[in-house]
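A.B. asks: Quick one: this structure, given as structure tokens, is what I'll be asking you about.
The values are calculated or read from the model by the stated rules, or taken from the named source; none is laboratory data. Here the structure is a predicted model, which is why all the values come from computation and not from measurement. Counting neighbours? That spans all protein chains shown, and the Cβs are built from the backbone with ideal geometry, glycine included. Side chains included, ligands, DNA and RNA excluded: accessible areas come from the protein's heavy atoms. Shrake-Rupley method; radii C 1.70, N 1.55, O 1.52, S 1.80 Å.
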Amino acid sequence: MQLILKKIELFLNIVHYCIYRLEKKRYLLFNKLNPFMLLGNIPAVKRKFEDEGTSHEEVVNKIWTNQRYGFGIMLSGGVLVILVFVILLAIFDMLNGLLKNPILSSLLPFIVCMVFAYLICHITVFQKDKYISYFKQFDKKSKQEKWKYGLVSLAFVVGTVSLWIYSFRFIPVL
């Protein structure tokens with residue numbers, strides 16, 4: 001059982017890492033259109049940052065790409081929780097559709113799936129910032145291994161969405 005939990009932890013951290021890296025690349029690609037970056041062109045703002053020995057670009061990049069508190073890590077964590085939630089909801093829908101007297105319409109299964117999804121992610125990824133040590137491990141991997149992780153993560157996302165769409169067949173009709 002412990003081995004299975006470790007494998008789930010590793011897998012979720014791989015997916016989280018790949019989502020974070022994708023978000024970071026997206027951010028750097030669209031940095032030219034970022035309205036916060038345009039604020040750095042205002043002379044008073046530029047002088048203020050020069051007086052502090054930094055630049056506006058460095059501050060904005062830190063806000064987005066900081067691995068502990070940045071917007072990118074928050075966004076990738078949210079995406080991970082949503083992916084796990086979608087899997088749990090799809091499993092619930094399929095099992096519910098097989099019941100003789102299925103639960104027709106209720107907010108409770110939705111909430112329970114969301115709570116379990118967050119708990120799974122919290123225990124395996126977010127608790128005591130476990131993901132940071134995994135990120136350090138993954139950063140040391142070769143480019144080929146990172147590509148493999150990326151493809152596995154992409155397959156996971158596509159599989160999750162496919163499972164969710166397939167689970168619509170099992171939703172009871174009112």
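A.B. asks: Counting only C-alpha contacts under 8 Å and six or more residues apart, can you give the relative contact order of the range 48-174 as a whole percent?
C.D. replies: Rounded, it is 35 percent for the range 48-174.
A.B. asks: Another question, then. From largest to smallest, what semi-axes in whole angstrom does the chain give when each is the square root of 5 times an eigenvalue of its alpha carbon gyration tensor?
C.D. replies: In descending order the semi-axes read 38, 20, 15 Å.
A.B. asks: Give me, ordered by chain and number, the residues 5 or more places off N34 or on other chains with an amide H under 5 Å from its own placed amide H.
C.D. replies: HN-HN under 5 Å from N34: empty list.
A.B. asks: Run the quick spin-label model on M1 and M114: label points 7 Å from Cα toward the beta carbon, then report their separation in nm to one decimal.
C.D. replies: 3.0 nm
A.B. asks: At what distance in nm do the modelled label points of F11 and K62 sit from each other, each positioned 7 Å from its Cα along Cα→Cβ?
C.D. replies: According to this spin-label approximation, the distance is 3.8 nm.
A.B. asks: Just how large is the dipole of the range 35-100 about the Cα centre, in debye to the nearest 20, putting +1 at every Lys and Arg Cβ and -1 at every Asp and Glu Cβ?
C.D. replies: I would put it at about 180 debye.
A.B. asks: Further question: Might you report the magnitude of the Cβ-based charge dipole of the range 1-64 about its Cα centre, with Lys and Arg at +1 and Asp and Glu at -1, to the nearest 20 debye?
C.D. replies: 300 debye
A.B. asks: If I stretch the segment between V152 and L33 completely, what's the gain in nm (0.36 nm per residue apart, minus their alpha carbon distance), one decimal?
C.D. replies: The V152-L33 span can extend by a further 39.8 nm.
A.B. asks: Let me ask something additional. Of all GluC sites (Glu not before Pro) in the range 28-111, which ones are in loop regions per DSSP and have a Cβ with at most 11 other Cβ atoms within 10 Å? Kindly include the intermediate steps, with their values, before the conclusion.
C.D. replies: Details: sites: E50, E52, E57, E58; in loops: E52.
Within the range 28-111, the qualifying GluC sites (Glu not before Pro) (loop, at most 11 other Cβ atoms within 10 Å) are E52.
A.B. asks: Hey, what's the chain come to in accessible area per residue, 1.4 Å probe, Å²?
C.D. replies: 68 Å²
A.B. asks: Quick one, could you list the DSSP H helices from the chain stretching 30 Å or more along their long axis (Cα atoms) with average Kyte-Doolittle hydropathy of 0.0 or above?
C.D. replies: Membrane-span-like by this rule: 2-29, 71-98, 143-166.
A.B. asks: Right, another one. When the accessible area of the chain is split by element with a 1.4 Å probe, what percent falls to carbon and sulfur?
C.D. replies: For the chain, the apolar C and S fraction of the accessible surface comes to 69 percent.
A.B. asks: Another one. Which pairs in the list K7/K128; K46/K128; K6/K143; K32/K136; K46/K140; K6/K100 are over 30 Å apart, alpha-carbon to alpha-carbon?
C.D. replies: In this structure, K46/K128; K46/K140; K6/K100 exceed 30 Å between Cα atoms.
A.B. asks: In deg cm²/dmol and to the nearest 500, what is the mean residue ellipticity at 222 nm of the chain if only DSSP H runs of at least 4 residues count, each as -39500 (n - 2.57), divided by the residue total? Please list the in-between numbers first.
C.D. replies: On the way: 8 runs with 127 residues, N = 174.
It lands at -24000 deg cm²/dmol.
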